[in-house]
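Colleague: Submitted below is the structure of interest, expressed as structure tokens.
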Amino acid sequence: MRTSTTSEPDHEFEDLLRELTPQVLGAVVRWSGDFAAAEDAVQEALLAAATTWPRDGRPDNPKSWLIQTASRRLIDEVRQQRARRRREERAALREVPAEEVEEYDDTLRLLFLCCHPALTPASAIALTLRAVGGLTTAEIATAYLVPEATMAQRISRAKQKLKGASFELDADPDRLRNVLHVLYLMFNEGYTSTSGPELHRSDLSSEAIRLTRAVRKQLPDDGQVTGLLALMLLTDARRAARTGEGGELIPLAEQDRSLWDHDRITEGVALAVEAFETPPLGEYQIQAAIAALHDEVDRAEDTDWPQILALYGLLEDLSGNPMVKLNRAIAAAMVDGPDAGLKLLEPLDDELAGHYRLDATRGHLYEMRGDHQAAAEHFRAAARGTTSLPERNYLLAKAASLS
């Protein structure tokens, strides 16, 4: 049966297909075992929907219609290629039974497959955005400032690597950690772009939040998942205040907090509390707690730096990440003075040699100390090291103001 033939508004039609695409792709990949062939078949099914639904009306069960159409296209393709007879003989290529379609929502399985440990983080993020996020190859290439052909090759190689990979939802903690790491990297690249003229790429950060919500919907009792979602919301809540009218970077201490998204902060704080109370305690829960302490106060000078310093100490013990050590040095400077922070930075000269953030942090701490000449030198060194234009402009402006 079909619904009324009255055409849906374009945006409703596009939203429906965007929502269903990862579910349909996941189902067809599960049945066929061939990521690349399944994606081609699903694209053909989407084109068929775009042609027939506006004319004949939307089916009562759009997801079932798309899966059935894609699976038929996949079988037809196999039958047409004699070189693939062995694949045709596999029982997995039978048409997906309609009565089983609603039994599965394969979006989460598809996300886990895209974050397979055989893939590099860059490839996993690109494939996740393409297959689960629904972004086009051109959109992903634009976001990462690479040619479309380069991104297409990266995605194609990733799909080939996944040929024959298990499509089962892997509950192994290491696999989940890999998924969360990919989402974390995706969010960070969207929130503070590592290169280019813009500080933000909101399409990437928004997509990371959407996918993390989907993971939490399936794993609501996992503290790390909840912590990562809280961290993203609490960080993204400050986005509107991070740049001025000319796109210039505004540091946290100088932001107009009335511009922060307080609905997101309320949700994020509640999730951060829930995550922190869910053992075992992991890195994302602690980072979310730190973000909550920043977001809960109306004035920068009211920030609970001693508590933040304690949390960074705990996080350093868990991760050993040099960036955590750098942030702990900043917190120590806010509690015990700039000399304490500068001393904690000394061991990082080897771990973060040449990294612009080490110079930028030293610049801020020397400025706190009143040594403007040393501060300006470090700000200039940091500006030479970053590939982000807003960060470079900010650092050069700081150096100029101190000179």
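Colleague: Roughly what would the spin-label model give for residue 267 and residue 75, points 7 Å off Cα along C-beta, in nm?
Modeller: Distance between label points: 4.2 nm.
Colleague: Sticking with this structure for a sec: Please list 3J(HN,Hα) in residue order for segment 205-215, calculated via the Karplus relation 6.51 cos²θ - 1.76 cosθ + 1.60 where θ = phi - 60°; whole Hz, with x for glycine and proline.
Modeller: 5, 5, 5, 4, 5, 4, 5, 5, 4, 5, 5
Colleague: Using alpha carbons only, how many degrees (0 to 90, rounded to 10) separate the axis of helix 121-131 from the longest principal axis of the chain?
Modeller: So the helix axis and the longest Cα principal axis differ by about 40 degrees.
Colleague: Using a Gaussian network model of the chain with C-alpha springs under 10 Å, which one of 391, 44, 351 is most mobile by mean-square fluctuation?
Modeller: Among 391, 44, 351, the largest mean-square fluctuation in the Gaussian network model of the chain belongs to 351.
Colleague: With springs only between Cα atoms under 10 Å apart, run a GNM on the chain and tell me which of 250, 286, 125 wobbles the most.
Modeller: Ranking 250, 286, 125 by mean-square fluctuation puts 250 first.
Colleague: Once the mean 1/r over all distinct Cα pairs of segment 219-340 is inverted, what Kirkwood radius in angstroms do you read off?
Modeller: This gives a value of 14.9 Å.
Colleague: Just from its helices, what would the mean residue ellipticity at 222 nm be for the chain, if runs of 4 or more DSSP H residues each count -39500 (n - 2.57) and the sum is divided by every residue, rounded to the nearest 500 deg cm²/dmol?
Modeller: So the calculated ellipticity at 222 nm is -21500 deg cm²/dmol.
Colleague: Same structure again: So what are the ³J(HN,Hα) numbers for segment 337-349, from phi and the Karplus equation (6.51, -1.76, 1.60; θ = phi - 60°), rounded to whole Hz, Gly and Pro as x?
Modeller: Using θ = phi - 60°, the values come out as x, x, 5, 5, x, 4, 5, 5, 7, 4, x, 7, 4 Hz.
Colleague: Roll a 1.4 Å probe over the protein chains and send me the accessible area per residue for segment 222-278 in Å².
Modeller: On a per-residue basis, 44 Å².
Colleague: Between Rg and the Kirkwood Rh of the chain, both from Cα atoms, what is the Rg to Rh ratio?
Modeller: Rounded to two decimals, Rg over Rh is 1.04.
Colleague: Pairing the Cα long axis of helix 322-336 with the longest principal axis of the chain, what angle in degrees results, from 0 to 90 and rounded to the nearest 10?
Modeller: Taking Cα atoms only, the helix is inclined about 40 degrees.
Colleague: Excluding residues fewer than 8 places away in the same chain, name every one of the aspartates and glutamates whose C-alpha is closer than 18 Å to that of residue 325.
Modeller: 283, 316, 317, 336, 339, 346, 349, 350, 351, 359
Colleague: Taking all protein chains as present, what is the carbon and sulfur share of the accessible area of the chain, in % to the nearest whole number, probe 1.4 Å?
Modeller: 49 percent
Colleague: Given springs between every Cα pair under 10 Å in a Gaussian network model of the chain, which of 226, 386, 52 has the largest fluctuation?
Modeller: Ranking 226, 386, 52 by mean-square fluctuation puts 52 first.
Colleague: Next question. Kindly express, to the nearest 10 degrees and within the range 0 to 90, the angle between helix 389-402's C-alpha long axis and the longest C-alpha principal axis of the chain.
Modeller: Its long axis makes an angle of about 0 degrees.
Colleague: What is segment 259-399 by shape, rounded, prolate or oblate, if you read a ≥ b ≥ c off the alpha carbon gyration tensor as root eigenvalues and call it rounded for a/c under 1.5, prolate for a/b larger than b/c, and oblate otherwise?
Modeller: prolate
Colleague: Amide H of residue 388 versus every other amide H placed in the peptide plane: which residues, excluding those fewer than 5 positions away on the same chain, fall under 5 Å?
Modeller: none
Colleague: Please list 161, 217, 63 from largest to smallest accessible area, probe radius 1.4 Å, with all protein chains kept in place.
Modeller: 217, 161, 63
Colleague: In terms of modelled amide H atoms, which long-range or inter-chain residues lie less than 5 Å from the amide H of residue 243?
Modeller: Placed amide hydrogens put 250 under 5 Å from residue 243.
Colleague: For the chain, what is the relative contact order in percent, using Cα pairs closer than 8 Å and at least 6 residues apart in sequence?
Modeller: It comes to 11 percent, rounded to a whole number.
Colleague: If you don't mind, another one. Over segment 281-403, with the other protein chains present, what is the accessible area per residue in square angstrom, probe 1.4 angstrom?
Modeller: 48 Å²
Colleague: Moving on. Restrict the search to segment 253-295; then list the GluC sites (Glu not before Pro) that DSSP places in a loop and that have at most 14 other Cβ atoms within 10 Å of their Cβ.
Modeller: Passing both the DSSP loop test and the Cβ count: 277.
Colleague: Right, next: Looking at the square roots a ≥ b ≥ c of the eigenvalues of the Cα gyration tensor of segment 141-297, which shape do they give, rounded for a/c under 1.5, prolate if a/b is larger than b/c, or oblate?
Modeller: oblate
The values are calculated or read from the model by the stated rules, or taken from the named source; none is laboratory data. Computed from a predicted model, the values in this text were never measured in an experiment. In this analysis, Cβ positions are derived from the backbone assuming ideal geometry, glycine residues included, and neighbour counts consider all displayed protein chains. The area values use the complete protein model at the heavy-atom level, side chains included, leaving out ligands, DNA and RNA. Shrake-Rupley method; radii C 1.70, N 1.55, O 1.52, S 1.80 Å.
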